[in-house]
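**Q** Handing you a structure now.
Computed from the coordinates by the stated procedures, all read-outs in this text should not be read as laboratory data. The structure displayed is predicted, hence computed values, not measured ones. Ideal geometry is used to build each Cβ from the backbone, glycine not excepted, and the neighbour counts take in all protein chains shown.
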Amino acid sequence: MAYKNIILEKEDSLAILKVNRPQALNALNNETLREIKAAVMEVKDDETVGALIITGAGDKAFVAGADISFMENLSAVEGRDFGLLGQDVFTAVENLEKPVIAAVNGFALGGGCELALASDIRLASQKAVFGQPEVSLGITPGFGGTQRLPRIIGEGRAKELIFSARSIDAQEAYRIGLVNQVYPPESLLEEAKKMARTIMANAPLAVRFSKAAINKGMQTDIDSALAIEADLFGLCFSTQDQKEGMNAFVNKRKPAFICQ
Ligand code: HXC
């Protein structure tokens with residue numbers, strides 16, 4: 001599919017999605033959100049792709065938020081629809097059955113921070129800036145931020161960031177567990193690719209089931225979550241890759257996983 005506001009590149013078995021609206025620091029309008037969803041579906045259906053990296057085109061912004069010019073004159077109904085669209089797209093990112101790494105290369109504000117939150121792993125450039133500035137614009141976070149941010153960094157810290165609209169740098173984001181690692185700007189994408197390749201060297205179905213167990217388990221009570229884990233753990237034993245992984249260990253050789 002041809003995209004206007006994003007670039008979807010494929011490199012070996014890796015997909016790289018770049019949000020690309022330089023004139024608005026990669027801010028998200030309806031069209032861009034729909035293109036992100038289409039790209040996620042494309043990655044989902046492409047059996048040659050094992051992982052997705054999301055980043056921003058250019059060297060200034062990951063995504064500077066939802067498009068404020070577009071939102072300025074929305075009615076309550078239109079605002080809700082826009083929020084629902086963003087939620088749907090970011091839930092598709094979160095539920096993609098392949099690992100998603102956000103390589104946060106600059107401003108990740110509002111909807112940009114929320115896109116990073118929907119990713120599995122967040123890596124940041126030293127130049128990255130995170131924040132949920134929505135209340136300074138008279139709105140709440142609306143693409144999942146009020147729910148995913150407290151789940152990732154804890155309720156107190158999430159409330160402070162959301163209520164104050166304060167931006168934080170990459171080091172502070174690292175300190176509070178919002179990002180997994182911080183890298184110099186010039187090596188961020190390469191490090192993201194390296195991490196994706198490390199993950200892809202493992203049994204793909206086991207990675208997929210681990211993601212499902214974590215995502216589903218985080219939304220429920222511990223007993224139900226452990227039951228989800230047990231089911232998915234059991235399912236692993238119906239895969240070729242479990243036999244291969246354990247046989248390779250026993251015979252002191254490298255496993256060759258086939259995603260079956
Ligand atoms: C529309 C945006 C934009 C945005 C930047 N631009 N962010 N346009 N929506 N979110 C545009 C600017 O208007 C400007 O256009 C161009 O990009 C460059 O931005 P500057 O402000 O000139 O750059 P700079 O001075 O370096 O400041 C960078 C910045 C600032 C600190 C990131 O742009 C900024 O504060 N942006 C808004 C960030 C924000 O509040 N995001 C949250 C949005 S609410 P021109 O035409 O003048 O060159 C949100 C809600 C999500 O995300 C949920 C919705 C349901």
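**Q** Nearest-5 percent of antiparallel DSSP beta bridges in the chain?
**A** 25
**Q** With respect to the cross-link table entries Lys44/Lys252; Lys10/Lys44; Lys4/Lys216, which display a Cα-Cα separation exceeding 22 Å?
**A** Lys44/Lys252; Lys4/Lys216
**Q** Can you report the principal axis dimensions of the chain using only the alpha carbons, biggest first, rounded to whole angstrom?
**A** 63, 40, 35
**Q** Still on this model: Pick out, from Ile228, Asn247, Ser210, the residue whose Cα sits farthest towards the positive end of the charge dipole of segment 205-256, with +1 on the Cβ of Lys and Arg and -1 on the Cβ of Asp and Glu.
**A** Asn247
**Q** Something else about it: Can you pull out the trypsin sites (Lys or Arg not before Pro) in segment 194-260 that DSSP calls coil and that have at most 16 other Cβ atoms within 10 Å?
**A** Sites meeting the loop and neighbour criteria: Lys252, Arg253.
**Q** Fewest first, what order do Asp88, Asp45, Asp241 take by the number of other Cβ atoms within 10 Å?
**A** Sorted ascending by nearby Cβ count, the order is Asp45, Asp88, Asp241.
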